[in-house]
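The values are calculated or read from the model by the stated rules, or taken from the named source; none is laboratory data. Remember, it's a predicted structure, so these values are computed and weren't measured experimentally. No Cβ is skipped: glycine too gets one built from the backbone with ideal geometry, and neighbour counts run over all protein chains shown. Just the protein is used for accessible areas: all its heavy atoms, side chains included, with ligands, DNA and RNA removed. Shrake-Rupley method; radii C 1.70, N 1.55, O 1.52, S 1.80 Å.
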Amino acid sequence: MKFSLEQYLEELKPLINVDCGTYTLKGIEFIANQFEQKFQAMNGWNVKRVDCGKAGIGLEIRNQPDAEHIDIMMIGHMDTVFPIGTAEARPMSQDAEKAYGPGVSDMKSGLLNIVYALRHLEQTVLDKLSICICMNPDEETGSNDSVEWIQSVAKNAKNVLVAEAARADGGLVKARKGMAGYKINFNGIAAHAGNDPEKGRSAITEMAHWIIAINAMTNFESGTTLNVGVVSGGAGANIVPENAQAAVDIRFWNNAEYDDVNTKLHNMAQTPFVDGVKVTIEREAYKPSMVPSEQTEGLMHLVESAAQELSIELNWHAVGGGSDANNTAILGIPTLDGLGPIGAGFHSDQEYLLLESIEPRIRMLMRVLEKLAA
């Protein structure tokens with residue numbers, strides 16, 4: 001592979017200099033068009049557009065579209081977390097060591113690394129592998145509108161590699177916590193706090209009971225944590241509050257333990273602490289935990305072998321944040337994450353891509369595919 005960093009960055013720049021936060025449909029469409037054109041310019045690739053509802057479109061790209069099985073599935077997301085106006089305010093820039101910009105490592109460079117790896121693989125290797133790349137538009141908000149599609153494809157896959165950025169120390173991701181996000185609404189009865197407070201039913205009092213109960217469900221030893229991160233409610237200090245709302249984040253390693261927490265929350269909604277208050281729960285986001293299996297460990301050894309042959313030092317991380325790797329690992333499919341170039345500062349204006357890591361990580365991805373073909 002003859003690699004030009006200058007050419008790579010020229011291809012990366014338009015992917016960064018466009019607002020493509022989740023549900024920013026125009027920006028998502030632009031990114032999808034860019035990658036569709038890249039694969040159409042390569043021989044032997046079929047690009048299918050997938051309707052992901054309100055999130056826009058996804059891309060399903062295959063070299064053997066009629067094959068019943070997929071030897072290797074690669075996943076990446078086209079969306080970012082940043083609001084409209086971010087790309088104009090801080091477009092892609094670089095210094096001698098790093099590139100900066102919204103989504104530069106999370107995860108436009110990971111998507112571009114997939115393109116570069118497949119561009120430069122020998123045709124004899126490609127002919128031995130049934131490859132599928134899925135690019136979805138809504139990972140940053142939980143993949144709610146794309147998870148069904150992603151999992152339907154993954155069920156036919158032998159291995160899954162997710163091209164999120166490698167960690168700042170070069171590490172890959174073998175495990176991710178599961179996560180769930182809830183919106184809980186409390187509906188009471190308003191009353192004048194001075195004249196007849198006894199006629200009211202306080203939504204905030206009910207919420208306060210819930211906060212204490214939710215905090216008590218945290219188990220630091222097992223890694224199941226619950227956080228009431230945002231609360232609101234009430235209309236004035238002299239009014240018994242009729243409405244309140246809480247946003248809750250749950251993280252977990254053990255999927256069964258999460259199921260137990262989920263059941264407890266819904267049972268609590270059926271028996272409010274304050275008589276006359278109604279409680280409704282809406283789960284807005286969910287990803288199961290990603291925990292390595294024996295088969296996953298075999299895939300880890302293959303990746304380690306590829307890295308050693310290229311003199312790339314690797315280590316493995318178990319991290320708290322979720323990705324689409326969670327959605328395929330739960331199906332029992334060997335899944336690894338962090339196959340993109342090295343980056344850090346995700347979801348902030350400090351996000352960066354380590355330039356010297358780009359070419360080695362493309363070569364490592366190529367070597368992994370070559371080993372899977374063998």
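What to note about this one:
- Cross-link reach is defined here as a Cα-Cα straight distance under 24 Å, omitting same-chain residues fewer than 8 places apart; for Lys177 the lysines meeting it are Lys108, Lys155, Lys158, Lys264, Lys287.
- Per residue, the chain exposes an accessible area of 44 Å² to a 1.4 Å probe, with every protein chain left in place.
- Counted without the sites themselves, the longest stretch of the chain free of chymotrypsin sites (Phe, Trp or Tyr not before Pro) in a DSSP loop having at most 16 other beta carbon atoms within 10 Å is 24-219.
- Rounded if a/c under 1.5, otherwise prolate or oblate - region 163-261, Cα gyration tensor axes: prolate
- In a simple Cβ point-charge model (Lys, Arg +1; Asp, Glu -1; nothing else charged), region 187-321 has a dipole of about 600 debye relative to its Cα centre.
- Region 235-353 shape via C-alpha gyration tensor axes, a/c threshold 1.5: oblate
- Set of aspartates and glutamates near Lys48 by C-alpha distance (under 13 Å), chain-local residues within fewer than 8 positions excluded: Glu36, Glu60, Asp66
- Over region 289-374, the Kirkwood radius and the radius of gyration, each from Cα atoms, give a ratio Rg/Rh of 0.98.
- Taking a ≥ b ≥ c as the square roots of the eigenvalues of the alpha carbon gyration tensor, region 1-122 is oblate, as a/c is not under 1.5 and a/b does not beat b/c.
- Within the accessible area of region 53-188 (1.4 Å probe), percent carbon and sulfur: 46 percent
- Gaussian network model of the chain, Cα within-10 Å springs - most flexible of Ser222, Ser357, Ser323: Ser222
- Order of exposure, largest accessible area first, which applies to Met107, Met92 with probe 1.4 Å: Met92, Met107
- Max mean-square fluctuation residue, GNM over the chain, Cα-Cα springs under 10 Å, options Leu15, Leu59, Leu302: Leu302
- Check: the chain dipole with +1 on Lys, Arg Cβ and -1 on Asp, Glu Cβ, in debye: 260 debye
- Max mean-square fluctuation residue, GNM over the chain, Cα-Cα springs under 10 Å, options Asp51, Asp349, Asp259: Asp259
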